[in-house]
Amino acid sequence: KQEVTQIPAALSVPEGENLVLNCSFTDSAIYNLQWFRQDPGKGLTSLLLIQSSQREQTSGRLNASLDKSSGRSTLYIAASQPGDSATYLCAAGTSGTYKYIFGTGTRLKVLA
Amino acid sequence: DTGVSQDPRHKITKRGQNVTFRCDPISEHNRLYWYRQTLGQGPEFLTYFQNEAQLEKSRLLSDRFSAERPKGSFSTLEIQRTEQGDSAMYLCASSLRGGGADEQFFGPGTRLTVL
C-alpha cells in the first residue's frame, strides 16, 4: 500500500531564501510524481510533473527531482517570495491504479 | 475558461439531506477523478472514470455516495442522508489518457458543510 510523507509539515523563511521541500513514498512502482500548490480554501494548482523515467523537471524558480530507488522527491524553490506562501502537496501515481496518493503537505510561509 | 469547473462552490446542508455536486472536466480529457479533502489533510481518492466507465472506487465511498459520468463528459457526485462527517472539500480532477503522463488538473472544489 502506497504511503506518502512530507517533511517538514510547516516552514517559515525570510524572503529571498532558497528552500527544499521533501516528499517520500513507500512503493517505488510509481508512474509519475506530481507537485501541487494549494492556497487556503482553494483547489490544487499543478506545479510540476515528473514521469517515472525522468529524474527532474524545472519551471521558473521551481525544480523537482525524483529518485525512485530511494523513494524520494524534492521540490526546490529558489529566491522565495511572499507570494510563494501556500501549502505544497506531492502526489504519487502508483502502477496498477490511476488514483493519486497525496502527502499531508508542507505549509510554507515566506516573510517579507 | 478551459479549466476544470465545479458547481456549487459552497454547499451548506442539514444532516440527513441529499446533496449533488457537478464537475465539468477539461473538454478533451477522458479521465475524471473525485477526491475528498478534510482540514489539514491531503486529498483522498474517492473514485475514477475513464470515459463513462467507473473503473475504481475507494472504500471511503460508502453506499450513501454515488458518482456518475453518463456521457463521458461531466460527472455528478451525490451524497445521500448526509452526516456531519461528510463535511469536507470535494475536489474533481481530469486528465488525458496518453497525454502528459496522466497529469491531473484540479478544479476549485466544492466545500460541503453539514450542520
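Inside region B:2-115, counting only strands (runs of 3 or more DSSP E) that do not spill past its ends, which hold 2 or more residues that are of a type in the set (Val, Ile, Thr)? Steps first, please.
Values: elements: B:5-7, B:10-13, B:19-24, B:31-37, B:44-50, B:53-57, B:65-68, B:75-79, B:88-95, B:110-114.
Qualifying strands (runs of 3 or more DSSP E): B:10-13, B:19-24, B:75-79, B:110-114.
Exactly one condition in (1) closer than 17 Å to B:Arg22 by Cα; (2) under 14 Å from the mean Cα position of the chain (by Cα); (3) touching a residue at least 40 places away in the same chain (Cβ under 8 Å) is not met by B:Thr38; state its number.
(1)
Looking at region B:41-66 only, could you name the residues that are farther than 24 Å from A:Ser95 by Cβ and either at the interface with chain A (Cβ under 7 Å from one of its Cβ atoms) or in contact with a Pro (Cβ under 8 Å, 6 or more places away or on another chain) (or both)?
Of all residues in region B:41-66, those farther than 24 Å from A:Ser95 by Cβ come to B:41, B:52, B:62-66.
Within region B:41-66, B:Gln41, B:Glu52 qualify.
Of the residues B:Arg81, B:Arg36, only one is out of contact with any strand residue (DSSP E or B) (no Cβ under 9 Å at 6 or more places or on another chain) and at pLDDT 95 or above; which? Break it down into steps so the answer makes sense when it comes.
Details: B:Arg36 fails: out of contact with any strand residue (DSSP E or B) (no Cβ under 9 Å at 6 or more places or on another chain).
So the residue among B:Arg81, B:Arg36 that is out of contact with any strand residue (DSSP E or B) (no Cβ under 9 Å at 6 or more places or on another chain) and at pLDDT 95 or above is B:Arg81.
All but one of (1) at pLDDT below 95; (2) within 13 Å of chain B (Cβ to nearest Cβ) hold for A:Phe36, so report the exception by its number.
(1)
If I go through region A:29-53 residue by residue, how many of them are surrounded by 15 or more Cβ atoms within 10 Å (Cβ to Cβ) and either of a type in the set (D, E, K, R) or touching a residue at least 12 places away in the same chain (Cβ under 8 Å) (or both)?
Matching residues across region A:29-53 total 17.
Pull up region B:1-40, narrow it to residues that are among the hydroxyl-bearing types (Ser, Thr, Tyr) and within 12 Å of chain A (Cβ to nearest Cβ), then point me to the one that is surrounded by the most Cβ atoms within 10 Å (Cβ to Cβ).
B:Tyr35
Checking the conditions here, which among A:Ala79, A:Ala64 is closer than 19 Å to A:Ser12 by Cα, modelled with pLDDT of 95 or more and more than 9 Å from chain B (Cβ to nearest Cβ)?
Values: A:Ala64 fails: closer than 19 Å to A:Ser12 by Cα.
None of the others qualify; the one that does is A:Ala79.
When residues of region A:1-51 are filtered for being of a type in the set (Lys, Arg) and either more than 26 Å from B:Ser58 (Cα to Cα) or part of a strand (DSSP E or B) (or both), how many remain? Explain how you work it out, then say what you get.
Let us first name the residues in region A:1-51 that are of a type in the set (Lys, Arg), namely A:1, A:37, A:42.
Filter once more, keeping what is either more than 26 Å from B:Ser58 (Cα to Cα) or part of a strand (DSSP E or B) (or both): A:37.
Total satisfying the criteria: 1.
From the list A:Thr104, A:Thr94, A:Thr58, A:Thr26, exactly one residue is of a type in the set (Ser, Thr, Tyr), surrounded by fewer than 17 Cβ atoms within 10 Å (Cβ to Cβ) and within 14 Å of chain B (Cβ to nearest Cβ). Which is it? Spell out the reasoning first.
Values: A:Thr94 fails: surrounded by fewer than 17 Cβ atoms within 10 Å (Cβ to Cβ); A:Thr58 fails: within 14 Å of chain B (Cβ to nearest Cβ); A:Thr26 fails: within 14 Å of chain B (Cβ to nearest Cβ).
The conditions single out A:Thr104.
I need the full set of residues from region B:90-115 which are touching a residue at least 12 places away in the same chain (Cβ under 8 Å) and more than 18 Å from B:Gly3 (Cα to Cα), in order please. Steps first, answer last, please.
Our first condition is that a residue be touching a residue at least 12 places away in the same chain (Cβ under 8 Å); within region B:90-115, this holds for B:90-97, B:102, B:104-115.
Across region B:90-115, the qualifying residues are B:Arg111, B:Leu112, B:Thr113, B:Val114, B:Leu115.
The values are calculated or read from the model by the stated rules, or taken from the named source; none is laboratory data. Predicted model only: the values in this text are computed from it and were never measured. Note that we place each Cβ from the backbone using ideal geometry, even for glycine, and neighbour counts take in every protein chain shown.
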